[in-house]
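Asker: Okay, here's the structure, questions in a sec.
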Amino acid sequence: MQMPSDLEQRPYKLYRSGPRGLKARLRGEDDLALARFDDGDRRDFRPRRRITWKRVILGLLGAIVFWLLLSLVLFLISAGSQQGLPADANSALASGGNMLTSTDTVLILGTDQRPAGSKEPGANTHDAGSRSDTIMLWRVGGGVSRRLSIPRDTLAQIPGHGTTKINAAYAYGGPGLAIKTIQQFAGVPINHVIVVNLAAFPPFIDAIGGVDVTTGRVCSQISGGAQNGGWTLNLSPGTHHLNGTEALVYARTRENTCNPADNDLTRVQHQQEILNAIKAKLLSPGTFFRLPWASWDAPKVLRTDMGGPTLLSLFMASELGGNAPVAVLPTTPAGGSDLQASPSAVHDAVSKLLNG
């Protein structure tokens with residue numbers, strides 16, 4: 001009796017198992033090494049690397065670190081490419097410390113410069129000759145975050161130009177003269193300055209996905225309203241999600257036909273509410289996925305004496321200090337649209353800014 005040859009006929013059947021499912025792989029049940037003989041051709045099937053929860057978590061952490069490093073690099077590149085301040089502005093500033101461990105005073109100026117092509121009558125589309133619609137002192141660092149807004153129509157002594165509205169200092173001599181005027185007016189050294197470019201404000205707000213702001217009834221028309229090429233904003237009382245353009249209109253609103261009591265002082269409060277809303281949005285989980293775009297757009301919103309690393313320390317100090325309360329310098333009417341702040345009111349407001 002002739003025995004079957006292994007090369008001609010196998011006395012058994014060879015089966016190959018199907019692929020493992022996802023759950024089996026996460027449990028570490030990998031396919032075993034298989035050997036198959038096909039017409040004398042041997043093929044080795046090596047075991048695949050096990051997928052474990054540890055490897056999944058390490059992969060996610062690596063992706064998060066990469067995303068953060070990418071955002072940091074984009075922020076530093078964008079910050080380094082922005083236009084700086086003139087020499088007289090830098091020389092007018094007092095030296096500051098590390099805002100993570102010490103407290104500095106930062107001056108925030110928002111000019112009335114409008115985007116190129118603006119249809120607003122009399123709109124200034126250049127920085128030169130613009131006035132500072134927003135004037136805010138920010139005491140920040142070392143776990144502190146307090147802000148004081150100075151109404152733009154407040155009368156102040158401007159070096160070389162006499163007594164006039166404080167926002168005219170920027171128009172007369174740019175950020176350098178504005179720094180000198182506000183330091184003299186408030187009696188406090190200024191360590192850093194940020195000039196906000198309102199024309200670049202909406203893209204940054206859109207880059208972080210908009211902001212949430214709680215408002216009263218708002219009926220605002222800027223530059224004649226949307227029907228005349230301007231902007232219109234109508235809000236009911238409550239919390240609203242605003243895009244970049246809507247946030248800018250809200251920050252600029254001082255004439256509210258739904259609330260005639262609104263004025264330049266309430267506009268200052270709107271601006272501080274927008275700043276707090278931006279800060280809250282930057283800390284939200286959803287912004288993490290937009291972080292590279294926000295990091296690239298953020299430096300375009302401002303001109304400052306601070307480089308990328310100092311700006312990062314400012315942002316970190318702001319987070320450590322918490323939400324700054326809304327504080328506005330008390331003033332009284334002084335004829336026309338002029339406002340007067342008494343020396344005692346200035347002293348009390350600045351003392352609260354510095355000491356809490």
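Computed from the coordinates by the stated procedures, all read-outs in this text should not be read as laboratory data. Every value quoted in this text rests on a predicted model; they were computed, and no experiment measured them. Methodologically, a virtual Cβ is constructed for each residue, glycine included, from the backbone with ideal geometry; neighbour enumeration extends over all protein chains shown.
Asker: Residue by residue through the range 89-100, what is 3J(HN,Hα) from phi via Karplus (6.51 cos²θ - 1.76 cosθ + 1.60, θ = phi - 60°)? Round to whole Hz and write x for glycine and proline.
Answerer: Rounded to whole hertz, the list is 6, 5, 6, 7, 7, 7, 5, x, x, 6, 6, 6.
Asker: Given a Förster distance of 56 angstrom, what is the FRET efficiency for Thr232 paired with Lys352, based on the Cβ-Cβ distance and rounded to 0.05? Before the final figure, lay out each step's value.
Answerer: Details: r = 37 Å, r/R0 = 0.66.
That gives a FRET efficiency of 0.90.
Asker: Apply the Karplus curve 6.51 cos²θ - 1.76 cosθ + 1.60, θ = phi - 60°, to the phi angles in the range 206-222 and return the couplings in whole Hz, x for Gly and Pro.
Answerer: Per residue, the Karplus-derived 3J(HN,Hα) values read 5, 5, 9, x, x, 10, 9, 9, 8, 10, x, 6, 10, 10, 10, 10, 9 Hz.
Asker: So which of Lys165/Lys300; Lys180/Lys281; Lys281/Lys352; Lys165/Lys281 end up more than 31 Å apart, counting from Cα to Cα?
Answerer: Details: Lys165/Lys300 28 Å; Lys180/Lys281 34 Å; Lys281/Lys352 27 Å; Lys165/Lys281 34 Å.
Exceeds cut-off: Lys180/Lys281; Lys165/Lys281.
Asker: Which FRET efficiency value, to the nearest 0.05, is calculated for Ala94 and Trp53 with the Förster distance at 51 angstrom and r the Cβ-Cβ distance?
Answerer: Details: r = 53 Å, r/R0 = 1.05.
Calculated value: 0.45.
Asker: Under a crude label model (7 Å from the Cα following the beta-carbon direction), how far is His241 from Leu61 in nanometres?
Answerer: Computed distance between label sites His241 and Leu61 equals 3.3 nm.
Asker: Over the range 68-355, what is the mean sequence separation of C-alpha contacts under 8 Å (at least six apart), divided by residue count, expressed as relative contact order in percent?
Answerer: Details: 575 pairs, mean separation 75.0, N = 288.
Once normalised by length, the contact order is 26 percent.
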